[in-house]
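Below is one structure; the comments refer to it alone.
The values are calculated or read from the model by the stated rules, or taken from the named source; none is laboratory data. Since we're looking at a predicted model, the values are computed, not measured. All Cβ positions, glycine included, derive from the backbone under ideal geometry; neighbour counts span all protein chains shown.
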Amino acid sequence: MKKKLYWLSHNLEEVLGATLLFSMATLAFLNVLTRYFIQYSFAFTEEIEVAAMVWLTMLGVAAAFKHKLHLRLMYLDTRVSIKNKLRLELFALLCSLFLFSLIAYLGYQHVVDLIELEVTSEALDIPEYIYVLIIPIGCALINLRITVLLLDIIKQLRT
């Protein structure tokens, strides 16, 4: 049981992302089938798929940071020493941490506004904040992955 929890904690983004992507594909396929056979489309499926795409994007960004596959400029990497390369990477990760903290704060404010205004979705009539909740949660997960990278770089700089 402990091994499974350890594995899940290290592969959380991939497991959730794969499950979400499979669900999206299945939902889209079922919608195509119903449109083909009964000439009727389920309107709510588009709403679910758009919201799921936002969730998938946030999970993908967290996974990219975890595997060090995030977007970065490589121009200076080849032209500076290893110590300076680590310092540049440290600066870039600190900027990323600031950015995603700001997005998390603004996302949280947006969720609070949606809860206070009791906004519901058009097709399913469920609270809209459920769709937007991934922004602060996803940013927290992204910041966790960035923090792990930051600690690794700080350890490398001290040696």
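Restricting attention to region 90-101, which residues are among the hydrophobic types (A, V, I, L, M, F, W, C) and either closer than 23 Å to residue 135 by Cβ or in contact (Cβ under 8 Å) with a residue 60 or more places away in the chain (or both)?
Taking region 90-101 first, the residues among the hydrophobic types (A, V, I, L, M, F, W, C) are 90-95, 97-100.
Listed by number, the residues that qualify are 90, 92, 93, 94, 95, 97, 98, 99, 100.
Of the helices (runs of 4 or more DSSP H) entirely within region 1-79, those holding at least 1 residues that are closer than 28 Å to residue 103 by Cβ and touching a Gly at 6+ places or on another chain (Cβ under 7 Å) occupy 12-38, 44-66. Considering only residues in region 1-33 that are at pLDDT 90 or above and of a type in the set (Ser, Thr, Tyr), the one that is surrounded by the most Cβ atoms within 10 Å (Cβ to Cβ) turns out to be 23.
Based on this model, can you work out whether residue 64 counts as buried (at least 16 other Cβ atoms within 10 Å of the Cβ) and either closer than 23 Å to residue 18 by Cα or of a type outside the set (Asp, Glu) (or both)?
Working: buried (at least 16 other Cβ atoms within 10 Å of the Cβ): no; either closer than 23 Å to residue 18 by Cα or of a type outside the set (Asp, Glu) (or both): yes.
So residue 64 does not fit the description; no.
Could you grab me the full set of residues in region 106-144 that are acidic (Asp, Glu) and either surrounded by fewer than 18 Cβ atoms within 10 Å (Cβ to Cβ) or modelled with pLDDT of 95 or more (or both)? Show your work before the answer.
Taking region 106-144 as the starting set, the residues that turn out to be acidic (Asp, Glu) are 113, 116, 118, 122, 125, 128.
Correct list: 113, 116, 118, 122, 125.
For region 95-105, the criterion of being polar (S, T, N, Q), closer than 20 Å to residue 16 by Cα and buried (at least 16 other Cβ atoms within 10 Å of the Cβ) is satisfied by no residue at all. Could you look through region 74-89, keep only residues that are within 27 Å of residue 14 (Cβ to Cβ) and without any contact (Cβ under 8 Å) to a residue 12 or more places away in the chain, and pick out the one that is surrounded by the fewest Cβ atoms within 10 Å (Cβ to Cβ)? Residue satisfying both the conditions and the ranking: 74.
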